[in-house]
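Reviewing the structure listed below.
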Amino acid sequence: MTSTPNPQTYTLGSSLARKAVVDGAFIATRAKLIEVAAFLDRVERFGVDDDFRCAALREAAALLIDGKPERARRILEQLSDPTTHPAAKSSGQAALGAWLPPAKEK
C-alpha cells in the first residue's frame with residue numbers, strides 16, 4: 001500500500017507538488033462524488049427528491065463547477081443556517097444537514 005505524499009516535502013508550485021495533490025486524494029474524492037450521484041439517483045427513484053435537503057444538495061453541487069475559489073467554504077455556507085440570533089423556540093430536532101427557513105406564519 002502506498003502512502004499519501006506529504007506536500008511539505010516538495011517545493012510549492014513544483015510539478016511534483018502539483019502531482020502529489022492529485023495523487024493523494026483523487027481516488028477518495030472520486031468515490032465521494034459517485035456516492036453523491038448514487039444518493040441523488042435513489043431519492044429520485046423513490047420520489048423524494050423534492051425534500052428540502054435534496055434541493056439544497058443540488059444547489060450546493062452547482063458550486064463545484066462554477067470555477068470560483070473557496071468552494072468548500074461556499075458550500076458549507078450554502079448548507080448552513082444563516083441566522084445570527086438563536087430561535088425563540090427549539091424545534092426539538094437534531095441537525096438536519098441543510099437549512100430549512102422557518103415557515104411563515106399566516
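Laboratory data are not the source of any read-out in this text; all were calculated from the coordinates shown. As the structure is a computational prediction, the values presented were derived from the model and not from experiment. Virtual Cβ from ideal backbone geometry, glycine too; neighbours counted across all protein chains shown.
Brief remarks on what is shown
- Förster radius 35 Å - calculated FRET efficiency between Ser90 and Leu33, Cβ distance, rounded to 0.05: 0.50
- Residues whose placed amide H lies under 5 Å from that of Leu100, excluding near-sequence neighbours: none
- Debye-sum result for segment 28-106 in log10 I(q)/I(0), which assumes one identical scatterer on each alpha carbon, at q = 0.15, 0.21, 0.24 Å⁻¹: -0.68, -1.13, -1.28
- Karplus-based coupling profile of segment 15-21, in residue order and whole Hz: 5, 5, 5, 4, 5, 5, 4, with θ = phi - 60° in 6.51 cos²θ - 1.76 cosθ + 1.60 and x standing for Gly or Pro.
- Residue-wise HN-Hα coupling along segment 42-54, computed from phi with Karplus coefficients 6.51, -1.76, 1.60 (Hz; x: Gly, Pro): 5, 5, 5, 4, 8, x, 10, 6, 8, 4, 4, 5, 5
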